[in-house]
Structures are given as C-alpha cells and as structure tokens.
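Please treat every number below as a calculation from the coordinates, not as lab data. As the structure is a computational prediction, the values presented were derived from the model and not from experiment. Glycine also receives a Cβ, built like all others from the backbone with ideal geometry; neighbour counts cover every protein chain displayed.
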Amino acid sequence: MDSGNNYSANPNNGFKYTSPDFGGFSGAVSYSLDENTATKSNVTAFHVKYANGPIYAGVAYQDEGDTADIKYTRINGSYDFGVAQLLLTYGRVKEAAGSANEYSIGVNFPVSPALTVSAAYAIHNPNNGYSTNPDGERKGFGVGATYALSKRTTAYAAYTTANTDDAAGARTAETRLFGVGVRHAF
C-alpha cells in the first residue's frame, strides 16, 4: 500500500535475465546502472516463482541502491480452488530510518467464463521511524469486476477505499476511488 512512493518499477540502463520454466519454477534477476556517479543508486532485483496448476508462490526482492537505501521484499501466493482463487501477500519496506510491514488478502470469483468479481483487503503498518506516516496505519478495501468482451478486450469496474490513522487511532486521511474502463491487448 505504501511501497509505490519511492519504488523504481522499471529502472533505466539495466540488464535482466529471465530463466526458462523448469516444471513450474522460474525466476529473473536484474541490475540497473545509474549514470550519476554522485548518487550511486544502482537498482538490483530478483524474483523466484513457482506456478503450476492451481498453485502460485513467489518471492521478490529489490534494493534501490546506496543513496535511497530502500529495500523491498515480497512473498505472495495464490491457490485456485476452481470456484474461487485465494491470494495472499506479505511485504516489507526497509529504509535507513525504519521499516513497514504490508499484508493483503484477496479473492477472485469467476461468476461465468466471461465475468470475474474480485475483492481485497490490505494493511500497511509502519515501524521504528518509517518516513512516510511513521506512526500511523493504513487500511484499504477494494471490489472490482472484469468482463471479457472478446479474447483481447476486457471491460472493468472497481471501487476502493483507504484510510490512514495516526498513532492514537484518529483518522487523518480518507480516499475513495471509482474506476471504469476497457482494456484491449494488441
């Protein structure tokens, strides 16, 4: 829930190796060179996953480099029961001043071959002087639906709400978002 504040999703000037699939196991490693020698913020990342049948499990780690001194760890998994898919995630954001733990649970319900309804709940819990909202907790809930219009075109709608509380438990921020759209893969 808070990892996106400084996270480098696709750093420039990088090298990446993605392994082939070995019976459901695969992984990737990447290293991004920073051209600014004064900041030395090279980004190193890896992930390992297992995806076979109804089971998915993955571990990922990213180090944002010397200057940012931020490290992200994610452990996630899902199991598809057929009537529903359960998704779980644990995340940890570590910076020089502190850290934060993040948890989420979600479920996907395939109502029909074309329609899937989803719901999720997430908590961000900062510790020990974490720089973004160091004493408060964030909680969020979302519901959404996707409808396949064709093999490459999907309509979607979603609603999310999130609250931020201070150390005393008083609400300091509240966000509500609603979105609709159409996604087409070329």
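Along the charge dipole of region 57-99, Cβ charges K/R +1 and D/E -1, which of 98, 60, 87 sits furthest on the positive end?
My answer, from the dipole projection, is 87.
Could you calculate the contour length gain from residue 61 to residue 159, that is, 0.36 nm times the residue separation minus the distance between their Cα atoms, to one decimal place in nm? Numbers along the way, then the final one.
Numbers: separation 98, 0.36 × 98 = 35.28 nm, distance 2.93 nm.
Full-extension gain reported as 32.4 nm.
Using the basic label-point model (7 angstrom from Cα toward the beta carbon), what is the residue 139 to residue 185 distance in nanometres?
Rounded to a tenth, the inter-label distance reads 3.6 nm.
If the reach is capped at under 24 angstrom between alpha carbons, list the lysines near residue 94, excluding any in the same chain fewer than eight residues apart.
Correct list for residue 94: 16, 40, 49, 71, 139.
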